[in-house]
1. Return yes or no: is GLU27 farther than 30 Å from ALA153 by Cβ and part of a loop (DSSP other than H, G, I, E, B)?
2. Name the pairs: first residue in the range 164-185 and buried (at least 17 other Cβ atoms within 10 Å of the Cβ), second residue at pLDDT 95 or above and in a helix (DSSP H, G or I), Cβ to Cβ under 6 Å, at least 6 apart or on different chains?
3. State all residues of the range 150-188 that are among the hydrophobic types (A, V, I, L, M, F, W, C), touching a Gly at 6+ places or on another chain (Cβ under 6 Å) and not in a helix (DSSP H, G or I); if no residue qualifies, say none.
4. Tell me the residue from ARG351, ARG396, ARG370, ARG401 that is of a type in the set (D, E, K, R), away from the ligand (no atom under 16 Å from the Cβ) and in contact with a Lys or Arg (Cβ under 8 Å, 6 or more places away or on another chain), please.
5. Within the range 292-305, can one find any residue that is within 16 Å of the ligand (Cβ to nearest atom), among the charged types (D, E, K, R), surrounded by fewer than 18 Cβ atoms within 10 Å (Cβ to Cβ) and modelled with pLDDT under 95?
6. Quick check on my filter: what residues within the range 236-280 are within 16 Å of the ligand (Cβ to nearest atom) and more than 19 Å from HIS309 (Cα to Cα)?
7. Anything in the range 316-342 that is hydrophobic (A, V, I, L, M, F, W, C) and buried (at least 16 other Cβ atoms within 10 Å of the Cβ)? List them, or say none.
8. Among (1) under 28 Å from ALA123 (Cβ atoms); (2) touching a Leu at 6+ places or on another chain (Cβ under 9 Å), where does GLY87 come up short?
Amino acid sequence: MGETAENFVLVINSGSSSIKYQLLDPESSVVAASGIVERIGEDDSVIQHRADGESTERREPIADHTAGLRLVFEMFAATGHDLRREGVRAVGHRVVHGGEVFYRPTLIDDDVAAAISDLSALAPLHNPANLAGIESARALLPDAPQVAVFDTAFFHGLPAAAKTYAIDAKVAAAHGIRKYGFHGTSHEYVSGRVAELLGRDPGELNQIVFHLGNGASASAIRGGRPVDTSMGLTPLEGLVMGTRPGDLDPGIVAHLARSAHLDIDQIDTLLNRDSGIKGLSGVNDFRELRRLIETGDDAARLAYDVYVHRLRRYLGAYLIELGGVDAITFTAGVGENSPQVRADALAGLARFGIEVDPAANTAENRTARRISTPDAPVAVLVVPTNEELAIARAARRVVDRLD
Ligand code: ADP
């Protein structure tokens, strides 16, 4: 394998019942191993571990995150990296909500862990799960520096007009209600790559980035700094997503409570898990949605049209907010893999300098690339996101400062 684990950063993205991980060298971007633990807490838990191009799978009940991570370390040891003996340069943790407190990658100690826990009120589905991963990694790798990288951090400096909700200011202040934005690690990484690819100084570019995965968000970035983003206090706002509706009339919540007699947890579940593309069509994966559309399924067609309509609404809003745009970029599962979505989102906009080249858009290509026509004033790009690499680099920068 050449390198020892000491040069590597272990990146952990811990969810409520899963842990995704990657061991990589932030300098060379070489990934030594990666994998996912799924269905933690159930009887049919499974770990899929990939190292040196080979996949291994282990199926057995995994009670909690610490048990899962312990098994992951056993699989690492079996594939040549005994992390508990060799150590790692750092462990980088994806943490969804940093609130007002955290806006840069932060070395984790007991106080930081407690503060991440306190922020669970703002992200009840995410922060406790992130913390479970942090506590497990701290217990199993007590000598490794642990760094939290926050999904909200990039958007910390949003202008007041963009981040303020027009509700009673005292209520908002008392409860931390403002737009925080999410997927920040991806928006920052991708917009940085765009500047590199175009050979331009990020400081002179106006950009719109669409991160379209299961969750989806858009951002408007001026000179390397975000001026607006579609997700809000929580990752529910904005674009239509796999299972989330994005923007809604807030009156719908009160109406559901009164008319459908749903309690607040049922409404939360409806909005987080049973809405969006899934709520409209019955499926949340875009590949399945396409297949349904091809069979003439009207609900699937409508779901797709609503999705694209919302994308275009944000595109229009951000074009005006920025006063013109130099680059529009698509990333994440749908953004990277669906030429149809990209073409439909930007159709008929030649008068704004936006023109997708059909051949470039549909070419089989997994690398970062430009898909606009050669003469179009606005560059349209597809840039694969790499949140793990961005987290590893951020963690590395924090620990380098400790030396
Ligand atoms: P996550 O938000 O979980 O990180 P991803 O960025 O991996 O999600 O995106 C997952 C989504 O990407 C899937 O639900 C699927 O809809 C979509 N997707 C993946 N591959 C393709 C493809 N080849 N064509 C269209 N959509 C795809």
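The values are calculated or read from the model by the stated rules, or taken from the named source; none is laboratory data. Keep in mind that what you see is a predicted model, and the values were worked out from it rather than measured. Because the Cβ atoms are built from the backbone with ideal geometry, glycine has one as well, and the counts that use them run over all protein chains shown.
1. No; evaluated as a whole, the condition is false for this residue.
2. ARG178/LYS163; LYS179/LYS163; GLY181/PHE155; GLY184/ALA153; GLY184/PHE154; GLY184/PHE155; THR185/GLU387; THR185/ALA390
3. PHE150
4. Unique residue meeting the criteria: ARG396.
5. The answer is no; no qualifying residue exists.
6. Residues satisfying the conditions are ASN272, ARG273, ASP274.
7. Residues satisfying the conditions are LEU319, LEU322, VAL325, ALA327, ILE328, PHE330, ALA332, VAL334, VAL341.
8. The number of the failed condition is (1).
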